[in-house]
Amino acid sequence: MSLIRLIYLFLILIFCVSCSKEVVEKSKITETNLELQTIEAYQEGLKELKKGDALFAAKKFNEAEMLYPQSMIAPRSALMASYSYYSQNYYADAIAELDRFLKVYPNHNNKAYAEYLLGLCYYEQIVDEKKDLESIEKSKTIFLRLIKNYPNTDFAIDAEFKLNLINDILAAKEMYVGRYYFNKKKWIAAINRFKFVVNNYDTTIYVEEALHRLVEIYYILGLEDESKKYANLLGYNYQTSKWYEKSYSVFNQNYEISKIKKEENIILRKFKSLFEWDEKKRN
């Protein structure tokens, strides 16, 4: 191989090495710039959040995440965007961000916080137990999952407390419907509602009334053994309750039974009078 050819190959090698170094250096510079821009966007987001401009803060946090998705700060930026929306009651936006976070970063060490915040977004939208069923059911599902997966965290402790309140709300809804059926004298439908409260929400404040309503209904229907069964259950667990006093009074006066008998007698008398009128008309 000639000397000229060797020199030529040597020059090409030097050129390739220098180009490679230049690419690496440019890559490092670009990466450094992206990291700096990401940190800057994140800090701007914090500043705007502190000022109270949640929407602009969320925008800056999203920008920080998109600038450098591979960085350590990206998932934190996504969470901060979620919190920004939540802090100003933009629940739909916060829920969308949190759902995305849980899909994009399923194994992140702040997953418990994301689940908790998602549950809060639904929980804080509950206004009326008769209307907000979706928010109630979704917050309950999320809090139950949180308690199961992260039992020893502060998030789980607060979720358990909120779950008790949710159960109170759900029990209130069942009682509302049960009372409606009770007032309409639709006894079977009312029994089903009150039994559902007794069987599923026995730790709520409504279980005492539900037991009393069952005592009343079964007594009205003449099923005294069933009525006494629920009265005994009420007395055993809630002896100082006002509802136990009401149930006790049911067995010491016949107002409900006599009321139904009187109504039946009136109907019979009316039917009898019509029958007698028909007989007279024939004669």
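The values are calculated or read from the model by the stated rules, or taken from the named source; none is laboratory data. This structure is a prediction, so every number in the text was calculated from the model and none was measured. Here the Cβ is made from the backbone with ideal geometry for all residues, glycine too, and neighbour counts use every protein chain on show.
Structure data summary
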{"item": "Residue list for the stretch 49-72, filter: of a type outside the set (Ser, Thr, Tyr), crowded, with 20+ Cβ neighbours inside 10 Å and closer than 12 Å to Thr38 by Cβ", "result": "Lys60, Phe61, Ala64, Glu65, Leu67"}
{"item": "Test: residue in the stretch 174-192 that is surrounded by 19 or more Cβ atoms within 10 Å (Cβ to Cβ), touching a residue at least 40 places away in the same chain (Cβ under 8 Å) and of a type in the set (Gly, Ala, Ser)", "result": "no"}
{"item": "Unique residue being hydrophobic (A, V, I, L, M, F, W, C) and modelled with pLDDT of 95 or more when the list is Ile126, Ile142", "result": "Ile142"}
{"item": "Any hit, the stretch 103-113, residues being surrounded by 19 or more Cβ atoms within 10 Å (Cβ to Cβ) and of a type in the set (A, V, I, L, M)", "result": "no"}
{"item": "Total residues in the stretch 140-158, condition part of a helix (DSSP H, G or I) and hydroxyl-bearing (Ser, Thr, Tyr)", "result": "1"}
{"item": "Hits in the stretch 146-163 - residues which are exposed (fewer than 15 other Cβ atoms within 10 Å of the Cβ) and either under 30 Å from His212 (Cβ atoms) or not hydrophobic (A, V, I, L, M, F, W, C) (or both)", "result": "Lys148, Asn149, Pro151, Asn152, Asp154, Glu160, Phe161"}
{"item": "Residue match in the stretch 90-111 (condition: outside any helix (DSSP H, G or I) and within 17 Å of the chain's Cα centre (by Cα))", "result": "yes"}
{"item": "Hits in the stretch 72-96 (condition: farther than 16 Å from Tyr123 by Cα and touching a Gly at 6+ places or on another chain (Cβ under 9 Å))", "result": "Ser77, Met80, Ala81, Ser84"}
{"item": "Checking Leu170 against (1) farther than 21 Å from Asn199 by Cβ; (2) out of contact with any helix residue (DSSP H, G or I) (no Cβ under 6 Å at 6 or more places or on another chain); (3) buried (at least 20 other Cβ atoms within 10 Å of the Cβ); (4) among the aliphatic types (A, V, I, L, M), the condition it does not meet", "result": "(1)"}
{"item": "Members of the stretch 224-237 that are surrounded by 13 or more Cβ atoms within 10 Å (Cβ to Cβ) and under 19 Å from Val197 (Cβ atoms)", "result": "Glu226, Ser227, Lys229, Tyr230, Ala231, Asn232, Leu233, Leu234, Gly235, Asn237"}
{"item": "Residues satisfying the stated conditions in the stretch 205-223, i.e. crowded, with 21+ Cβ neighbours inside 10 Å and β-branched (Val, Ile, Thr)", "result": "Val207, Val215, Ile217"}
